[in-house]
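Heads up: the structure comes next, in structure tokens.
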Amino acid sequence: MKESQAIPQEKVIILDFGAQYSQLIARRVRECRVYSEIMPGDSSVEEISARNPGALILTGGPGSVYHEDALTADEGIFELGIPVLGICYGHQLIAAHYGGREAVGPASRREYGRTSLQLASTDRLFAGIPSRIDVWMSHGDLVNEPPDRFKVLAHSEGTPVAAMVHEALPIYGVQFHPEVGHTDRGLDMLRNWLHDIAGFSGEWDMKSFIEHAVQQIREQVGSGSALCGLSGGVDSAVSAVLVHRAIGDRLTCVFVDHGLLRKEEAHTVTEFFAREMELNVVAVDASERFLSALAGVSDPEQKRKIVGHEFISVFDEQARALGDFDFLVQGTIYPDVVESGVGGSAVIKSHHNVGGLPEKMRMALVEPLRELFKDEVRRVGEALGIPGEILTRHPFPGPGLAVRVLGEITREKLDTLREADAIFEEELRAADLYRDIWQSFVVLPDMLSVGVMGDQRTYASTAVLRAVTSEDAMTADWARIPADVLDVTARRIINEVPGINRVAYDITSKPPATIEWE
Ligand code: XMP
């Protein structure tokens with residue numbers, strides 16, 4: 001995507017050297033109201049300056065700077081004349097750049113976890129911060145001595161150079177992790193660095209994100225046209241409204257009803273977007289086609305593949321019928337990118353909203369939310385005027401109820417599930433719990449059990465309630481729903497939904513389970 005010059009100097013580029021915490025750094029920077037983007041650590045200085053950063057953060061990483069094959073930064077970044085903050089491995093890279101590789105070596109005493117930090121001299125980085133604090137360390141290497149013209153700002157028992165600054169340049173290195181919650185006042189340090197040292201105004205917010213994104217979309221799409229698959233979920237909704245704001249009627253949205261949606265969802269979604277948001281929405285009822293392709297299939301990955309494949313075909317046919325589009329809008333957000341194994345992480349489930357479509361359709365992608373977390377997407381949505389009802393809707397997987405009806409899928413099972421699911425949602429809303437829960441739904445396992453209703457033996461299905469709290473779906477805990485809410489939900493499901501004689505509540509976290517059952 002061509003980079004916009006919309007917010008010159010108001011952007012931090014985070015050079016990622018394989019850190020566990022790169023996204024967390026990005027979040028923290030944004031919490032300090034400064035826009036940030038992540039790039040691979042070994043990006044060339046030309047690629048970096050093309051993005052017009054006002055400052056750079058070099059992250060931690062698993063490597064050792066003194067190894068031949070160490071991932072290293074383009075040395076030219078130190079000539080850009082912009083502030084640099086190195087964290088952990090980034091701190092060691094700065095030391096190696098200014099003091100040679102021998103400035104860094106293996107620590108005789110590794111520090112992992114909470115460590116006491118002693119400030120050695122005053123500096124704007126630590127303004128307002130006590131001289132002794134606990135910080136989070138996680139390193140096997142350390143900077144032995146400060147390079148020439150660097151001043152030591154802090155040390156710990158095992159780390160002689162735990163923080164340093166160049167005498168004349170705004171170049172800082174810290175061995176500890178200011179971005180993690182375990183570092184006392186870590187956010188204050190980042191704020192000091194961003195606002196007082198790097199000089200950012202701290203005015204970036206979701207409105208600025210929108211302006212920036214709208215300008216980028218306009219530059220990318222030019223006079224072309226775009227197609228967007230609306231799912232009813234928050235991500236595609238916010239993407240569509242954002243792109244609509246950028247290119248207006250040159251955006252067409254397609255809503256495919258694959259017959260695997262929640263109760264009344266198809267109607268509600270299309271009505272809302274067409275009427276209230278004035279988007280150009282084409283609704284397609286393809287449920288027959290999906291259900292026949294899924295008939296007799298019970299393997300979860302197989303189901304995902306079928307839904308993904310059918311979705312692409314239906315969408316492709318619609319696209320062709322509607323005209324010639326240059327761009328495809330996708331509501332990909334950061335956790336989707338990570339969980340689908342982009343960037344070397346393992347594939348857990350083949351999420352169907354990432355990949356697939358573009359190859360088949362040969363359209364360039366517009367993914368305005370690719371670097372955002374869910375909570376940030378919701379805030380963008382709010383700033384765009386999308387009502388809370390849509391924005392607080394729990395996430396719903398692309399393959400829909402296909403991965404919640406375990407085993408073979410039939411219309412009857414889907415209807416049963418939909419009814420039970422709607423009751424669970426109603427009860428959570430009535431108890432004012434819906435918004436605090438990340439995701440809640442009902443699963444219909446492929447099993448029957450014995451019960452007794454009105455003196456009659458029953459042999460019917462179980463509805464499993466699943467509700468989790470989470471920040472980003474990468475990890476999740478089961479929600480501690482009060483027993484009386486579970487009780488009323490269970491009774492209503494048994495009384496109102498034929499075919500269910502038992503209700504269970506899933507109390508597994510992620511990991512070891514995943515949020516969905518398939
Ligand atoms: P799991 O089950 O992997 O789910 O813990 C993590 C989050 O992703 C959602 N999910 C999907 N979303 N397409 C999607 O758009 C998919 O194929 C898909 N599979 C799972 C799931 O609902 C949860 O929020």
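Some points to look at:
- D_trans [Stokes-Einstein, Kirkwood Rh over alpha-carbon pairs] for region 206-391, 37 °C, 0.692 mPa s, µm² s⁻¹: 194 µm²/s
- Neighbourhood charge, 9 Å Cβ-Cβ cut-off, centred on residue 489 and excluding it, Lys, Arg +1 and Asp, Glu -1: -1
- For region 156-193, the list of GluC sites (Glu not before Pro) that fall in a loop by DSSP and count at most 15 other C-beta atoms within 10 angstrom reads 157, 167.
- Each residue of region 404-505 gets 103 Å³ once the volume of the Cα convex hull is shared out per residue.
- Relative contact order of the chain, taken over Cα pairs closer than 8 Å and 6 or more residues apart, is 10 percent.
- Listed by number, the DSSP H helices of the chain that run 24 Å or longer by alpha-carbon position along their axis and have mean Kyte hydropathy of at least 1.0 come to an empty list.
- Take 378-387, 111-120 and order them by the average number of nearby Cβ atoms within 10 Å per residue, most first; the result is 378-387, 111-120.
- Fully extending the segment from residue 297 to residue 474, taken as 0.36 nm per residue of separation minus the present Cα-Cα distance, adds 60.9 nm.
- Ratio of the Cα radius of gyration of region 174-243 to 2.2 N^0.38 Å, where N counts its residues: 1.65
- Equivalent ellipsoid of region 63-123: semi-axes from √(5λ) of the C-alpha gyration tensor, largest first, are 22, 18, 10 Å.
- Charge-dipole axis of the chain as Lys and Arg at +1 and Asp and Glu at -1 on Cβ define it, positive-most pick from 139, 81, 445: 445
- Computed helical MRE - 222 nm, the chain, DSSP H runs ≥ 4 contributing -39500 (n - 2.57), nearest 500: -9500 deg cm²/dmol
- Put simply, the convex hull of the Cα atoms in region 273-321 casts, on average, a shadow of 4.3 nm².
- Region 448-518: chymotrypsin sites (Phe, Trp or Tyr not before Pro) in DSSP loop, at most 11 other beta carbons within 10 Å: none
- Whole-number percent relative contact order across region 392-506, with pairs defined as alpha carbons under 8 Å at least 6 apart: 26 percent
- The modelled label-to-label distance for the pair residue 459/residue 322, using points 7 Å beyond Cα in the direction of Cβ, is 4.8 nm.
- Multiplying the residue separation of residue 168 and residue 375 by 0.36 nm and subtracting their alpha-carbon distance yields 70.6 nm.
- D (Stokes-Einstein, µm²/s), Kirkwood Cα radius, region 383-429, 0.890 mPa s at 25 °C: 195 µm²/s
- Summed side-chain charge close to residue 297 - residues other than residue 297 whose Cβ falls under 9 Å, Lys, Arg +1, Asp, Glu -1: -1
- Protection-proxy order for peptides 437-445, 286-294, 12-20, each taking the mean of Cβ atoms within 10 Å per residue, highest first: 12-20, 437-445, 286-294
- Cα pair count fraction exceeding 30 Å, expressed as % - region 11-197: 8 percent
- Among the listed pairs 11/374; 207/510; 305/510, those beyond 26 Å (Cα-Cα): 207/510
- The GluC sites (Glu not before Pro) of region 1-109 meeting both criteria, a DSSP state outside H, G, I, E and B (loop) and at most 14 other C-beta atoms within 10 angstrom of the site's C-beta, are 3, 68.
- Rh by Kirkwood over Cα pairs, then Stokes-Einstein D for the chain at 0.692 mPa s and 37 °C, µm²/s: 130 µm²/s
- Among 110, 33, the order by Cβ neighbours within 10 angstrom, fewest to most, reads 110, 33.
- Counting only DSSP beta bridges with both residues in the chain, the antiparallel share comes to about 50 percent.
Each reported figure results from applying straightforward, stated rules to the coordinates on display, with no laboratory input. Please read all numbers here as calculations on a predicted model, not as lab measurements. For neighbour counting, all protein chains shown are included, and Cβ atoms are generated from backbone atoms with ideal geometry for every residue, glycine included.
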